[in-house]
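Undergrad: Structure below; questions to follow.
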Amino acid sequence: MLLPYPTSVVMVALFTMTMMMMLCGGDLHKNIDITWGNGRAQMLNNGQLLTVSLDAASGSGFQSKDHYLFGHFQIQLKLVPGNSAGTVTSFYLQSEGSTWDEIDFEFLGNLSGNPYILHTNVITQGKGGREQQFYLWFDPTSDFHTYSILWNPLCIILYVDGIPIREFKNYESRNISFPMKKPMRMYGSLWDAEDWATRGGLIKTNWSAAPFIAYFKNFFVNACVESTPPSITSSCTHPNKKSNNHNSVGEKWITQGLKPSEVDKLNWVHKNFMVYNYCSDLKRFPQGLPLECKIN
């Protein structure tokens, strides 16, 4: 189902830039650079698996080689097992600069036997505060699961194993900022956030259990790739191009919103697994909820 935005919004996004479509798959060597951690992140199995680790001295992380302006981003992730309290494993998109845009998956660690909390956020022009948090309906440490970000000129949709968990629509016409012009890289990391991650910082990291290790594989992107260095003068030239990369969103991701069949799934997640929604936090916004909350 296409979202009810003026055709001009999509046309501007498609034709005021000069991008090319990129399809990339499972060889992490081709698409990702390890950027920090002093050897704590490693490529294994000829680039088919990437591990990130955290100890008392440092965490570790990586980033995509390319910048993207819109796309469907997908990776499989297996989280730190056991007592992971204080740790955060992340998969996110972020632009550069002091007024950056960002789209977040952050997995907040837990005491053994307690579920992870999936923390999501959308940051525009350096301003966030749009947190939604969820429990997962499976054990994310026992096997790999698929986490996806759909970002196009109409909306942002976050998926877990192909099930939508969050939608953030483009309401720029109503003076609500939306990531439209700043190319973003894809990032992943494992880091220490014991001051806030687990029960608001009440539970600290158990360093005797270190090193903590998370696993990433099967990075797939169907996206518009920016030039290097990035600029805002590129465009998706083939938004409906057929490909062998058959992801859950399909080739028409550039104009894709929530499908009718996905609305019930989104509502199911919100009813059964959402643990925090900024749009319901009246104490946090005594002067009134953010405008996008009122529209939705």
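The values are calculated or read from the model by the stated rules, or taken from the named source; none is laboratory data. All figures in this text were calculated on a predicted structure; none of them were measured in a lab. Cβ sites come from the backbone with ideal geometry, for glycine too, and all protein chains shown count toward neighbours.
Undergrad: If I ask for residues that are closer than 15 Å to residue 130 by Cβ, touching a residue at least 60 places away in the same chain (Cβ under 8 Å) and outside any helix (DSSP H, G or I), which ones from the range 268-296 would you list?
TA: Within the range 268-296, 274, 276, 277, 290, 296 qualify.
Undergrad: Scan the range 217-233 and tell me whether some residue there is of a type in the set (A, V, I, L, M, F, W, C), modelled with pLDDT of 95 or more and either outside any strand (DSSP E or B) or within 21 Å of the chain's Cα centre (by Cα) (or both). Break it down into steps so the answer makes sense when it comes.
TA: Quick first cut of the range 217-233, residues of a type in the set (A, V, I, L, M, F, W, C) only: 219-221, 223-225, 232.
Applying the additional criterion that residues be modelled with pLDDT of 95 or more yields none.
No, the range 217-233 contains no residue that is of a type in the set (A, V, I, L, M, F, W, C), modelled with pLDDT of 95 or more and either outside any strand (DSSP E or B) or within 21 Å of the chain's Cα centre (by Cα) (or both).
Undergrad: Restricting the range 263-288 to residues that are loosely packed, with under 15 Cβ neighbours inside 10 Å, aliphatic (A, V, I, L, M) and out of contact with any Pro (no Cβ under 9 Å at 6 or more places or on another chain), which is farthest from residue 122 (Cα to Cα)?
TA: 282
Undergrad: Within the set of pairs 6+ apart or on separate chains, which have a first residue in the range 186-197 that is within 28 Å of residue 66 (Cβ to Cβ) and in contact (Cβ under 8 Å) with a residue 12 or more places away in the chain, a second that is among the β-branched types (Val, Ile, Thr) and not in a strand (DSSP E or B), and C-beta atoms under 8 Å apart?
TA: Within 8 Å, the pairs are 190/80.
Undergrad: Just to be sure before I move on: is residue 213 within 27 Å of residue 40 (Cα to Cα) and either at pLDDT 95 or above or outside any strand (DSSP E or B) (or both) in the structure I sent?
TA: It is true that residue 213 is within 27 Å of residue 40 (Cα to Cα) and either at pLDDT 95 or above or outside any strand (DSSP E or B) (or both).
Undergrad: Can you find, within the range 31-59, the residue that is surrounded by the most Cβ atoms within 10 Å (Cβ to Cβ) among those that are touching a residue at least 60 places away in the same chain (Cβ under 8 Å) and charged (D, E, K, R)?
TA: Selected residue: 40.
Undergrad: Filter the range 151-164 for residues that are touching a residue at least 24 places away in the same chain (Cβ under 8 Å) and assigned to a loop (DSSP other than H, G, I, E, B); which is surrounded by the most Cβ atoms within 10 Å (Cβ to Cβ)?
TA: 152
Undergrad: Within the range 165-193, track down each residue that is part of a loop (DSSP other than H, G, I, E, B), in contact with a Leu (Cβ under 7 Å, 6 or more places away or on another chain) and over 30 Å from residue 54 (Cα atoms).
TA: 170, 176
Undergrad: Take residue 161 and decide whether it is modelled with pLDDT of 95 or more and more than 18 Å from residue 266 (Cα to Cα).
TA: no
Undergrad: So, one more: Are any of the residues in the range 89-104 touching a residue at least 40 places away in the same chain (Cβ under 8 Å), surrounded by 23 or more Cβ atoms within 10 Å (Cβ to Cβ) and closer than 29 Å to residue 282 by Cβ?
TA: Yes, the range 89-104 contains at least one residue that is touching a residue at least 40 places away in the same chain (Cβ under 8 Å), surrounded by 23 or more Cβ atoms within 10 Å (Cβ to Cβ) and closer than 29 Å to residue 282 by Cβ.
Undergrad: Which one of 172, 194, 167, 226 is acidic (Asp, Glu) and surrounded by fewer than 17 Cβ atoms within 10 Å (Cβ to Cβ)?
TA: 172
Undergrad: State all residues of the range 67-86 that are on the phi < 0 side of the Ramachandran plot and touching a Pro at 6+ places or on another chain (Cβ under 9 Å); if no residue qualifies, say none.
TA: Residues satisfying the conditions are 67, 68, 69, 77, 78, 79.
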